[in-house]
Each structure stands twice: as C-alpha cells, then as structure tokens.
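> What follows is a structure written as structure tokens; I'll ask about it next.
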Amino acid sequence: MTIEVQNLSKRYGDRFAVRDVSFTVEPGKVTGFLGPNGAGKSTTMRSIVGLDRATSGQALIDGRQYAAYRAPLQHVGALLDAKAAHKSRTAWNYLTSIAATHHIPKSRVDEVLEATGLTSVAKKKVGGFSLGMGQRLGIAAALLGDPATLILDEPVNGLDPEGVTWVRTLLDRLASEGRTVFLSSHLLSELALIADHVIIIGRGEIIADSPIDALTAGASAKVRVRTPDTTALSNRIATSGVTITSSERQLLEIDGLSAEQIAIVAREADILLTELTPMHQTLEDAYNALTQDAVEYVSTKR
Amino acid sequence: MATLIAPARAAGRNVDLVGTIRSEWIKFIGLASNTAIAGFTLLLLIANGVAMPWAYVFRDRGSPQADYDAYAEMIVDKTGYVGVVLAILAALLVTNEYRSGQIRTTILSVPKRTPALASKATIIAAVSFVIGVVSSSIGFAIAPAILAGGDYSFSLETADAIRLILGSGLYLATMSIIGIAIGSLIRNVVASVLTTIVFLIIVPVIPQMFSEYGTEITRFFPIQAGSLLLAPHGTDPMGPWIGYLILLGWTVILFTAAAIALKRRDA
C-alpha cells in the first residue's frame, strides 16, 4: 500500500505545525521520516491516520482516507505514542480490547505478544513497563491486524542496543514481505541503520526526499589538496563547475573534481602534491547542511 | 519467525457495534477501580433500601414530622443523588482515556469515533441499569420483613413496583450517559468531575435561592426532574414520566454535543 500525503497543512492557532507537505511512501522498503523535535513529524503521522484533522490538503492510504476503511487495523498499523494504555491495565487486556473491535481472535493476540517478546509479561500491568517494553507493546498493537502498512512514530526511542537491532530486523522483514514501513526519528544515526529511503522535514516543510545512499552521494564532496604551487594548480583546474577555496597557505579545497582527476592534472603539469585527501561527507554532515538551510530560509523570511 | 508476524488465521473482520461494545466491556472490567466503584454504588443503594424501613421502624414517634405512613418510594429515595456517583464514574471512563493516551488507540481502532463513544455509553448504562434494578429489587424484597418487625407495612401496586424497579435502572443508566457526555466534552479528569458535580448538584439550586420563580426553574434540572420517576405520586404536577423525559432531553442534547465535538476535534 502506498501512503500519499498531498499538500498537507496543519495549523494550531496561528502557528503552522506542517505547511504544504507532499510526499509518497512506497511499499517494500523502510522509509524514514527524519527531522529535529518539533519539526512536524508526529503531526504529519497523526494526520495520516486521522487523529488530527488537516487544516488543508489530505493524506491517502492506497487512495482512501484512513477513516474510510471499515477494518482499518487490517490495512494500517500505527504506533504513535509508547504510552497509550492506562497504567493499571495489563498488556493482555489492552491488546484484547483492541482486537475485539475487529473481531480479531485471541490466538492472534498471543501471536503478536510472542513476536514482540512480551508473552511472559502479558498479564502484568502496563504501568510497570519500561519505555522499551512500552514500545514493544505499541508495536504488538500495530501488528494485531496483520496490516500492509506500518506507521511508527519514534519506535526506537528508549530501546537498548539489543532492542534497536530487534526493531531493525523486524522492520526489514516486514518490508521484504512487501509491506509499507514508515517510521520517524529525530536521530539520523538510528535511521541510517534502519531506513532505505529518507524524507527529511524541518520547520514543518519537506527538505529532502531521497534514497539514503543518494543523500551523501548527491551532496558535493570536496577534495583537500596541499601543494607548494597553489597558483599553477588553480589555473590548471579552474573551469566552470569547479570551486576552489583556500583557508591557509599551500592548501586548497576543491569542489567539483574527484581526487583522481586532480592527480592526473597535477602529473601532466608537473606540480608536486604533498597531500590529496577526498573529504567524505558523512550522512550527519548532509543532514546538518540540509536542516541548516531550512533554518536560515525561515529566519531570513521573518 | 516469519510465521509470528503473518497470522495463522485471517485476523478479524470489519468493525461493527458488536465488536466495539465488546471492546468497551473488556476495557471496563480491565480496571479494578471501575468494578470497585460500580460495586460500591450497588452496596450503597442496597444499604439505603435496608436502612430506610429500619429507620422508619425505630423512628422517634414523639416528633410531629415523624408522623407519616410507610411508603414504597422510601426504598429508592437516595437513588437520585447516587446517580451522580455513576455519572462521575462514567465521566472518568472517558477522561482516563485522554489522560493515559488510550483515546488514540481507541480512535485508531474505531476511526468513525462515535461508535466508540456510543459503545462506552452502552456499557456504563447497562452496568448502571443492573445496579438500579438489582438494588431496588433487593430493597423491595427485604423491606416488608423489616417493617413487619414493627407491625408496619406499605402497599405497593404492581404498576408502581415496575415503575420503581425499572425506573431505578432507567434513571441511573440515563445519568451515567450524562457523565459520558460531560467527560467527552471536558476531557480533563479533574475538570470533568468538578463539572459533573457543579452541573448536577450546585447549579440547579442556585435559581431557587433568588426567588420563588427560581424554584420553577430548578424543577427542570436533570436530577430534580429525573428523580420524579422514583418519587411518590403528587410530588410534582408533571409526574414521573414527564420528569424522566426531561432528564432524557438533557441527556440527548449533551450526548449529541459530545458526539459532534468528538468527531470534530483532534484526538
């Protein structure tokens, strides 16, 4: 199933939580929804499943609004809040009460408890659960109806490393079964491990929407060159599309050419290079650069 | 491991009222505080049904105001205010969902929203109805024996017996639905409890403090009108059933407002 968000805006009072957001989440892969806290991730997800009423625009799941499904849990499973059950309720009571609405058999409740490793604490009160156990319970609830689409808001938050690995394995498997998996996080490091595709949101607007590999590949990578003859080298390589900056004597930062291309030019011109370092841009750099732009864009507009 | 995620059997079918009512029942009995308050209310009403004829037998006959005949309605004469307890319990059923975040789970499962509210109202109304019918039945079964101990009795026509027994259930069920509506409109635990008490108990007596015309207004508030269903004939010219219809009117208006608000607001 495909999630389509079309020109979605949500305003609280006079403040836009999300503004004119559009994107598509495809089945068969894990799509990450990344942005700083307060960027509009939760609002967008809540609007997709109809908890929040969009101010304008809409969100469709396979062409229909969430509320139009007669058995929504069989199409979409959502985890929107790790603490979604009354403290004095047992995990079993919580899950069976959800299952009852869709006439889902108790055997299925056993299955999701088993799948999330909660079988031994099924009859314990939710109030005694750790944040990680709460996340597992939320994931169990999302899986109840065996949905083709999963929408998970910060599912890794509060999990220990073992738990993170577990979620990653689970989501990979769900995606490989052809399901649509859409999860949010404010931590890039989390998503880098889990997601195939990433949508970045900042200040309520979409900043990037690309495969996670392309995020770094597409971003410009500079090469650091140290040479006694900076002028000669600069003259040789200065063409359109190449930017050269220098922060200290004998050092150039060249953008627009690969290290190999620079080495070839230097050999042909008989220029000595004492250092030639491709500066690999990390995903973190790419993310920071992207969100930085968004912040500047917003602040200059005001 | 893969079999753990894909279900062994088809997982469920369309949401319907049977499912949502079962879900609300599971939620109701899943919290010990709910069953405790319901049980406490039942005991309170049974205790009143026993205490009233008991008090009649041992009353101080010297004082002029104690000189009255035993009457059937004394068995259920505290039910009017006990309705407030069930209204508060009902309001808590709703507001606890907002406090705990359960409301989001509820709306995700039932995105049309109003069936969930109607089902919750159905459950607490059914529980309240049973409390009213059981407690008044026990009262009417025991009272004659207690009165006989002091050589007293009351006469009870079948029509009145039905009115008082079914009426106890109907009155409490309707009051609990008012609680559901207030809880759903207010959404905050403390504020909804306060609103329920202020609206049901304090506001109605304000008009009568100012003038005699005020007393005319007080008659039409939920408890005052509704409990006529359980009062002796002649308590108020509008009679038991018109009184109950006025309570029902309040309930329909408040519940409709709650349903519209639930449908429109963000959860």
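The values are calculated or read from the model by the stated rules, or taken from the named source; none is laboratory data. Being a predicted model, the structure only gives us computed values, none of them experimental. Note that each Cβ is placed from the backbone with ideal geometry, even for glycine, and that neighbours are counted across all protein chains shown.
> Quick check on this structure: which one of B:Asp151, B:Asp236, B:Asp266, B:Asp160 is within 21 Å of B:Leu117 (Cα to Cα) and of a type in the set (Asp, Glu)?
Working: B:Asp151 fails: within 21 Å of B:Leu117 (Cα to Cα); B:Asp236 fails: within 21 Å of B:Leu117 (Cα to Cα); B:Asp160 fails: within 21 Å of B:Leu117 (Cα to Cα).
None of the other options fit; the residue is B:Asp266.
> What are the residues in segment B:31-46 that are within 14 Å of chain A (Cβ to nearest Cβ) and crowded, with 20+ Cβ neighbours inside 10 Å, if any?
B:Asn34
Each row is one residue, and each column tells you yes or no for (1) in contact (Cβ under 8 Å) with a residue 40 or more places away in the chain; (2) within 11 Å of chain B (Cβ to nearest Cβ); (3) charged (D, E, K, R); (4) part of a strand (DSSP E or B).
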{"residue": "A:Lys83", "(1), (2), (3), (4)": "yes, yes, yes, no"}
{"residue": "A:Ser88", "(1), (2), (3), (4)": "no, yes, no, no"}
{"residue": "A:Trp92", "(1), (2), (3), (4)": "no, yes, no, no"}
{"residue": "A:Gly134", "(1), (2), (3), (4)": "yes, yes, no, no"}
{"residue": "A:Ala142", "(1), (2), (3), (4)": "yes, yes, no, no"}
{"residue": "A:Val167", "(1), (2), (3), (4)": "no, no, no, no"}
{"residue": "A:Leu183", "(1), (2), (3), (4)": "yes, no, no, yes"}
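> Quick one: which helices (runs of 4 or more DSSP H) sit completely within segment A:205-294 and have at least 3 residues that are farther than 30 Å from A:Leu193 by Cα and modelled with pLDDT of 80 or more? Let's see the steps before the verdict.
On the way: elements: A:212-218, A:230-237, A:259-268.
Counting at least 3 such residues, we get A:230-237, A:259-268.
> What pairs come up if the first residue lies in segment B:231-244 and is without any contact (Cβ under 8 Å) to a residue 24 or more places away in the chain, the second is among the charged types (D, E, K, R), and their beta carbons are under 8 Å apart, counting only those six or more places apart or on different chains?
As it stands, the answer is B:Asp236/B:Arg219; B:Met238/B:Arg219; B:Gly243/B:Asp236, since those pairs meet every condition given.
> Scanning for something free of Cβ contacts under 8 Å to residues at least 60 places away in the same chain and crowded, with 22+ Cβ neighbours inside 10 Å, does segment B:149-164 turn up at least one residue?
No, segment B:149-164 contains no residue that is free of Cβ contacts under 8 Å to residues at least 60 places away in the same chain and crowded, with 22+ Cβ neighbours inside 10 Å.
> If you go through segment A:190-214 one residue at a time, how many are over 10 Å from the mean Cα position of the chain (by Cα), closer than 16 Å to A:Asn37 by Cβ and of a type outside the set (Lys, Arg)?
Residues of segment A:190-214 that are over 10 Å from the mean Cα position of the chain (by Cα), as a first pass: A:193, A:202-208, A:210-211, A:213-214.
Then keep just the ones that are closer than 16 Å to A:Asn37 by Cβ; that gives A:202-205, A:207.
Next, from what is left, pick out any that are of a type outside the set (Lys, Arg): A:202, A:204-205, A:207.
Matching residues across segment A:190-214 total 4.
> Look through B:Gly49, B:Gly12 and report the one residue that is within 14 Å of chain A (Cβ to nearest Cβ), crowded, with 22+ Cβ neighbours inside 10 Å and either touching a Cys at 6+ places or on another chain (Cβ under 7 Å) or not basic (Lys, Arg) (or both).
Details: B:Gly49 fails: within 14 Å of chain A (Cβ to nearest Cβ).
Being within 14 Å of chain A (Cβ to nearest Cβ), crowded, with 22+ Cβ neighbours inside 10 Å and either touching a Cys at 6+ places or on another chain (Cβ under 7 Å) or not basic (Lys, Arg) (or both) holds for just one of B:Gly49, B:Gly12, which is B:Gly12.
> Let me ask something else. Given B:Arg59, B:Arg113, which one is of a type in the set (D, E, K, R) and within 14 Å of chain A (Cβ to nearest Cβ)?
Details: B:Arg59 fails: within 14 Å of chain A (Cβ to nearest Cβ).
One residue alone meets the criteria, B:Arg113.
> Specify which of the listed residues (B:Leu170, B:Leu164, B:Leu156) is over 9 Å from the mean Cα position of the chain (by Cα) and modelled with pLDDT of 90 or more. Steps first, answer last, please.
On the way: B:Leu170 fails: over 9 Å from the mean Cα position of the chain (by Cα); B:Leu156 fails: modelled with pLDDT of 90 or more.
Answer to the selection: B:Leu164.
> Here's another thing I want to ask about it. I'd like to verify a number: residues in segment A:151-165 that are outside any loop (DSSP other than H, G, I, E, B), in contact with a strand residue (DSSP E or B) (Cβ under 7 Å, 6 or more places away or on another chain) and within 22 Å of A:Thr119 (Cα to Cα), how many?
Keep residues of segment A:151-165 that are outside any loop (DSSP other than H, G, I, E, B), which gives A:151-153, A:161-165.
Filter once more, so that each one left must be in contact with a strand residue (DSSP E or B) (Cβ under 7 Å, 6 or more places away or on another chain): A:151-153.
Still in the running and within 22 Å of A:Thr119 (Cα to Cα): A:152.
So the answer is 1.
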